[in-house]
Amino acid sequence: MSPTSAKPIAGGRKSSWGVDVVVLATGIAGALLVAGCGNGAGGSARPATSAAPPVAPLPQATGFDPCRDIPETVLRAENLEQSGPQDASIGGVTSTGCGYVDRQGDGYFVRVMKSSLTLNALAAKYSDTYRAQSIAGRRTAYYTPHPDRAAQSCALGLEIASGTVLFDLSNPETAARTASRNACDLLDHFVRQVAPSISPNA
């Protein structure tokens, strides 16, 4: 049978080669539909990919509150408890913080205050007693704000970005538990425990 003698299928239109154009078009459309449906049976899904947003680094601690940020483990180890706000004015600058006293009342007392005073300012004001020191890798300095009771007290400034954290310890003769110990030795021990909790960026 020659190509031109093929009988047309009802509803269809023959090309000169006898191929049903409607059926052919329908088949092509179906094939395209199957190929384009990634979630259909037998299809392989290609999920859309996008670049993950960058993860921002965690912010580092930049503050220090003398009334809140001294670890409870340190206070328990030193048998201390907070006694309330303690402020001091040095060179016209007010330093603010809190006091810590012995839980049984027979040990030393220490004030911890945050100040905008720098170590250089402390050196200028207390030049006769200023003594630079490094504690736990941090710049610190001893000074004597209470010359009338120097034997029973010790003060130290620890450098931070905004100034200093000031420690002022009193170890009176009536402190049965600690009176026999040197006040600056007691303060050195206390500061070494607290220093890791004080960010240099504070």
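Computed from the coordinates by the stated procedures, all read-outs in this text should not be read as laboratory data. Bear in mind that the values here come from a model prediction, so they are computed numbers and not experimental data. Virtual Cβ from ideal backbone geometry, glycine too; neighbours counted across all protein chains shown.
Numbers below:
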item: Segment 174-195 residues that are within 19 Å of Lys114 (Cβ to Cβ), paired with ones that are assigned to a helix (DSSP H, G or I) and not β-branched (Val, Ile, Thr) (beta carbon under 8 Å, 6 or more apart); result: Gln193/Ala77
item: Near pairs, Cβ below 6 angstrom, 6+ apart or cross-chain, from segment 82-101 (touching a residue at least 40 places away in the same chain (Cβ under 8 Å) and in a strand (DSSP E or B)) to any residue that is of a type in the set (S, T, N, Q) and crowded, with 16+ Cβ neighbours inside 10 Å; result: Ala88/Ser95; Ser95/Ser115; Gly97/Gln86
item: Subset tally (residues that are assigned to a loop (DSSP other than H, G, I, E, B) and surrounded by fewer than 21 Cβ atoms within 10 Å (Cβ to Cβ)) for segment 102-111; result: 4
item: Complete set of residues in segment 167-202 that are among the β-branched types (Val, Ile, Thr) and under 31 Å from the mean Cα position of the chain (by Cα); result: Val191, Val194, Ile198
item: Only listed residue being of a type outside the set (Phe, Trp, Tyr) and under 11 Å from Tyr108 (Cα atoms), chosen from Ala161, Ala155, Ala176, Ala195; result: Ala176
item: Residues located in segment 147-162, provided they are in contact (Cβ under 8 Å) with a residue 24 or more places away in the chain, of a type outside the set (Asp, Glu) and surrounded by fewer than 20 Cβ atoms within 10 Å (Cβ to Cβ); result: Ala151, Gln152, Ala161, Ser162
